[in-house]
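Structure first, commentary second.
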Amino acid sequence: MSEESSSDHQRQRSVLRRRWTWKRRSAVVGIVLLTAMLTAATTAWGAQGGRYKILTGHSLLKETVAVRTASSSGTGDCLITAALVANSSAQLETGLLNCHNGGPIDNSCTDGHVFIETHTSSTGYQCYMHGTFSASSYYQVGAQSVGHGSGSSTYLSMNGLVAGSYYEGINTLLNANGVYIRTWAEHIVGGDSCSGWHNSSLFTNWQYEDNSLTTRTLGTDTSVATSCFTVGGISGGAYNVSH
Amino acid sequence: MFPTKRPLAIIALGVAVAACASVGIAYAAADDPTPITGTPVMSPYQYSATVDDSEKPQSLDTAPALISAALARKGVQDLISATIGGATSTDARVGNWFYPVVKVSDADRGGGVLPLWEAELVQGVLADSLATTDDTTSGIAGAEVTGVLPDGSKISLGGGASDIRAHQVFHRSTTNAELTQTQQAATQVIQKFGLTPLSVQVLQPKDDALYVVAQIPAGTTFSHLNDLQVALNGDPLQYEAIYLEIRDSAGLRVAVTNANYRVGAGGQWIDPSLEDTIGGPPHG
């Protein structure tokens, strides 16, 4: 790491530590609010399957996972294999987009591309592409907290991470209480039908780093969320999703 | 379009399903726990039917003039200023980064989409003009758009840059008569979908870009948002960018879609109550 990037990282950590005090105080409130939101939300969903974890009491610095789309089909469909970070006000998703005469998604991202999609109430969903992928390879995707600026104008953003480089991001995914990290496959076109298409996605080396500065592999401490998909049991940060 | 795409609903989905499937389903783990990961191939994507590579790349020195021209251009109302610099971190993609500042009259209900779109109009021209290869990211590698609210406070509107083929050729109205014709064609499409056109403008960051605001008449419903946008832009794509805003009969903004095919950016905001019925474009 260069001196400059090391400095950026230290500044980022320093900011997180300063924020930690009030975050601890508000942790209980945050968890209560999150629980209430979860209870109140709709139970309807489409075809999607994966695993997730809700981080409480820690700020997320980084989420990474190696993903691969082993196979997929479904005329007019798009299937994604992705990593996602979300809280109650924003969402950042990075992954592989596989379309079969379907798409684009968000009017811009097309078949065979690695994509980053942001979501806020101000700009809705916005999608960008960062290269093409091969179905025979794994690709590292995820999200990374990035420090910007200097002095009193220092701020952080959460940016999409592709093969070690970060790209688009948003700065409202910083709150420690209830940051939701997820990896999943999703059938995003074609309504709620569970028939007429298939998909097989692989996830491995799923890890995150929080503001305790420890990298943790996500395993049995994650939960399954699925509709139409079969989600495999996780072992060493690796699992399968198929339909 | 699935309601679960909203962050809150996604979280709820996870917990709700986990409650029913806490033991999971026995299934083999991925076949290789420590695979060698690949690097995506940065082959620039081309949306247009044709390209024109006769244009020589302009030097970075011309960027201020290009930005000034954009600021003075009729139809771009929200751009306050813009600069070009390096990336804000060494981990980011190397190259010229675009830092526009835009006015945001209201941040919620998709109010940031139009200023973001306007900033990306300028970014598209810069990326295309400065590109030294066939990839526009050799001109502009990334962007961070800052919005200024009416009270002076600032918000981030995101922004970015896909790997897009430089020098794409889109439809360009070269006379007033052609501009009028383009406007009329768009107006007719809007009316065919049962909407009332409130504003139809043809901006010309380089080639034509279409700005449309349309209203759902009282007593009617609208469920073909994506179809309308596709019909407006045609196949192959006619315009280098398109902004489509739908308002309800009371004038409230209920849906916005945007795209910029020089930047490789696009998106949508839809009132959550209409997300399953208005027929918006697919999203992740």
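The values are calculated or read from the model by the stated rules, or taken from the named source; none is laboratory data. Fair warning: this is a prediction, and the values are worked out from it, not measured in the lab. Cβ placement follows ideal geometry from the backbone for every residue including glycine, while neighbour counts extend to all protein chains displayed.
Suppose we filter the stretch A:215-243 for residues that are surrounded by 20 or more Cβ atoms within 10 Å (Cβ to Cβ) and among the β-branched types (Val, Ile, Thr); how many remain?
6
When you scan the stretch B:143-151, do you find a residue that is at pLDDT below 95, under 18 Å from the mean Cα position of the chain (by Cα) and of a type in the set (S, T, N, Q), even just one?
Yes - at least one qualifying residue is present in the stretch B:143-151.
So which residues in the stretch B:39-65 are closer than 27 Å to A:SER157 by Cβ and surrounded by fewer than 18 Cβ atoms within 10 Å (Cβ to Cβ), if there are any at all?
Going residue by residue through the stretch B:39-65, those that are closer than 27 Å to A:SER157 by Cβ are B:39-42, B:44-45, B:60, B:63-64.
Passing the criteria: B:THR39, B:VAL41, B:MET42, B:LEU60, B:PRO64.
Looking for something at the interface with chain A (Cβ under 10 Å from one of its Cβ atoms), among the acidic types (Asp, Glu) and touching a residue at least 60 places away in the same chain (Cβ under 8 Å) - is there at least one such residue anywhere in the stretch B:90-112?
no
Checking A:ASN211 against (1) more than 9 Å from chain B (Cβ to nearest Cβ); (2) within 11 Å of A:ARG51 (Cβ to Cβ), which test does it fail?
The number of the failed condition is (2).
For the stretch B:213-254, enumerate the residues that are in contact with an Asp or Glu (Cβ under 6 Å, 6 or more places away or on another chain) and outside any strand (DSSP E or B).
B:ILE216, B:TYR239, B:GLU240
What's the number of the condition B:GLY234 fails, among (1) modelled with pLDDT of 95 or more; (2) within 30 Å of B:ARG165 (Cβ to Cβ); (3) away from every other protein chain (no Cβ under 13 Å)?
It fails just one condition, (1).
Only one of A:ALA135, A:ALA143, A:ALA86 is of a type in the set (A, V, I, L, M, F, W, C) and in contact with a helix residue (DSSP H, G or I) (Cβ under 6 Å, 6 or more places away or on another chain). Can you tell me which? Reasoning before the result, please.
Working: A:ALA135 fails: in contact with a helix residue (DSSP H, G or I) (Cβ under 6 Å, 6 or more places away or on another chain); A:ALA143 fails: in contact with a helix residue (DSSP H, G or I) (Cβ under 6 Å, 6 or more places away or on another chain).
After applying the criteria, what remains is A:ALA86.
Taking the stated definitions as given, is A:ILE80 surrounded by 24 or more Cβ atoms within 10 Å (Cβ to Cβ), over 28 Å from B:TRP97 (Cα atoms) and either at the interface with chain B (Cβ under 7 Å from one of its Cβ atoms) or without any contact (Cβ under 8 Å) to a residue 40 or more places away in the chain (or both)?
Spelling it out, A:ILE80 is indeed surrounded by 24 or more Cβ atoms within 10 Å (Cβ to Cβ), over 28 Å from B:TRP97 (Cα atoms) and either at the interface with chain B (Cβ under 7 Å from one of its Cβ atoms) or without any contact (Cβ under 8 Å) to a residue 40 or more places away in the chain (or both).
One line per residue, one yes/no per condition, for (1) aliphatic (A, V, I, L, M); (2) at pLDDT below 85; (3) over 20 Å from the mean Cα position of the chain (by Cα):
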site: A:ARG11; (1), (2), (3): no, yes, yes
site: A:ARG25; (1), (2), (3): no, yes, yes
site: A:GLY30; (1), (2), (3): no, yes, yes
site: A:LEU60; (1), (2), (3): yes, no, no
site: A:THR69; (1), (2), (3): no, no, no
site: A:THR75; (1), (2), (3): no, yes, yes
site: A:VAL85; (1), (2), (3): yes, no, no
site: A:GLU93; (1), (2), (3): no, no, no
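Contact list please: Cβ distance under 8 Å, first residue in the stretch B:46-62 and closer than 23 Å to B:ALA265 by Cβ, second residue surrounded by 10 or more Cβ atoms within 10 Å (Cβ to Cβ) and aromatic (Phe, Trp, Tyr), pairs at least six apart or on different chains.
Pairs found: B:TYR47/B:TYR261; B:SER48/B:PHE170; B:SER48/B:TYR261.
Can you pull out every residue in the stretch A:191-233 that is under 21 Å from A:SER71 (Cβ atoms), β-branched (Val, Ile, Thr) and in contact with a Phe, Trp or Tyr (Cβ under 8 Å, 6 or more places away or on another chain)?
Of everything in the stretch A:191-233, those that are under 21 Å from A:SER71 (Cβ atoms), β-branched (Val, Ile, Thr) and in contact with a Phe, Trp or Tyr (Cβ under 8 Å, 6 or more places away or on another chain) turn out to be A:THR204, A:THR230, A:VAL231.
Are there strands (runs of 3 or more DSSP E) fully within the stretch A:191-243 with at least 3 residues that are over 21 Å from B:GLY38 (Cβ atoms) and in contact with a helix residue (DSSP H, G or I) (Cβ under 7 Å, 6 or more places away or on another chain)? List them.
Answer list for the stretch A:191-243: A:223-227.
Mind listing whichever residues of the stretch B:138-175 are more than 14 Å from chain A (Cβ to nearest Cβ) and crowded, with 21+ Cβ neighbours inside 10 Å?
B:GLY139, B:ALA166, B:PHE170
Consider B:LEU114 carefully, then state whether it is modelled with pLDDT of 95 or more and within 16 Å of the chain's Cα centre (by Cα).
For B:LEU114, the condition - modelled with pLDDT of 95 or more and within 16 Å of the chain's Cα centre (by Cα) - is met.
Which of (1) over 19 Å from the mean Cα position of the chain (by Cα); (2) assigned to a loop (DSSP other than H, G, I, E, B) is the odd one out, the single condition B:GLN191 does not satisfy?
Condition not satisfied by B:GLN191: (2).
Given the conditions (1) of a type in the set (A, V, I, L, M, F, W, C); (2) at the interface with chain B (Cβ under 7 Å from one of its Cβ atoms); (3) touching a residue at least 60 places away in the same chain (Cβ under 8 Å), and given that A:VAL85 satisfies all but one, which numbered condition is not satisfied?
(2)
I'd like the residue in the stretch A:93-142 that is charged (D, E, K, R) and not in a strand (DSSP E or B) and, out of all such residues, is farthest from B:ASP163 (Cα to Cα).
A:ASP106
Hey, does the stretch B:205-213 have a residue that's surrounded by fewer than 22 Cβ atoms within 10 Å (Cβ to Cβ), under 27 Å from B:ALA70 (Cβ atoms) and free of Cβ contacts under 8 Å to residues at least 24 places away in the same chain?
no
So B:THR132 ticks every box in (1) in a loop (DSSP other than H, G, I, E, B); (2) buried (at least 19 other Cβ atoms within 10 Å of the Cβ); (3) touching a Pro at 6+ places or on another chain (Cβ under 6 Å) but one. Which box is left unticked?
(2)
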